[in-house]
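Asks: The structure follows.
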Amino acid sequence: MDGLVNYYHVPRTCKQCGGVMVYKGVGEYRCEECGFLDYDDYGKVRLYIEAHRGATAAEVEAAVGVSQRIIRQMLRESRIEVAEGSRSFLHCEICGKEIRSGKYCPECETKVHRSLEEEQREMHRKDGKGYAKQHGGEEGQRRFMRQK
């Protein structure tokens with residue numbers, strides 16, 4: 001978390017009175033002393049994009065001072081997305097298809113998740129970490145005791 005705090009320039013102290021800034025959601029912070037409102041990089045970018053639909057990363061950088069590298073990172077994290085009708089796109093890291101946010105197109109994302117799930121299942125099979133094996137039961141045995 002501390003990496004994100006520094007990465008997105010999260011305001012910790014109030015610029016007006018030096019009080020503590022409290023997170024209010026979607027990149028917005030309010031001073032608990034004087035009520036001053038401030039934004040982290042995500043909040044600045046989000047507000048600008050909402051007011052200027054279709055703005056390019058260069059335009060956003062010039063207007064709010066958040067670097068294009070940080071903006072691209074927000075796109076990859078799916079925190080923001082390329083506007084509909086835009087001429088610029090991201091590309092799926094697997095197949096190269098144009099996407100509006102994230103790392104993968106929906107089809108490749110599904111394949112990646114299925115592959116990860118299968119790897120987890122295989123690890124469980126190899127490690128013998130089924131419930132019955134962990135708790136000394138036999139495969140398929142009920143996990144409760146009958147009252148006599």
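Here, each number is a calculation from the coordinates, and none is a lab measurement. Note that this is a predicted model, so its numbers are computed, not measured. Counting neighbours? That spans all protein chains shown, and the Cβs are built from the backbone with ideal geometry, glycine included.
Asks: From the backbone phi of the range 106-116, what are the Karplus-calculated ³J(HN,Hα) couplings (6.51 cos²θ - 1.76 cosθ + 1.60, θ = phi - 60°) in whole Hz, Gly and Pro given as x?
Replies: My calculation for the range 106-116 gives x, 5, 5, 4, 4, 4, 4, 5, 5, 5, 5 Hz in order.
Asks: Right, another one. What does the highest-first list of 42-53, 8-19 look like by mean Cβ count within 10 Å?
Replies: Taking the mean over residues of other Cβ atoms within 10 Å, the ranking is 42-53, 8-19.
Asks: What full-extension length gain, to one decimal in nm, is calculated for Glu118 and Cys95 as 0.36 nm per residue of separation minus the Cα-Cα distance?
Replies: In short, 6.2 nm is gained.
Asks: Also: Determine ³J(HN,Hα), in whole Hz, for all residues of the range 62-72 in sequence, where each value follows from phi through the Karplus function 6.51 cos²θ - 1.76 cosθ + 1.60 and θ = phi - 60°; x replaces Gly and Pro.
Replies: 5, 7, 10, x, 8, 5, 4, 4, 5, 4, 4
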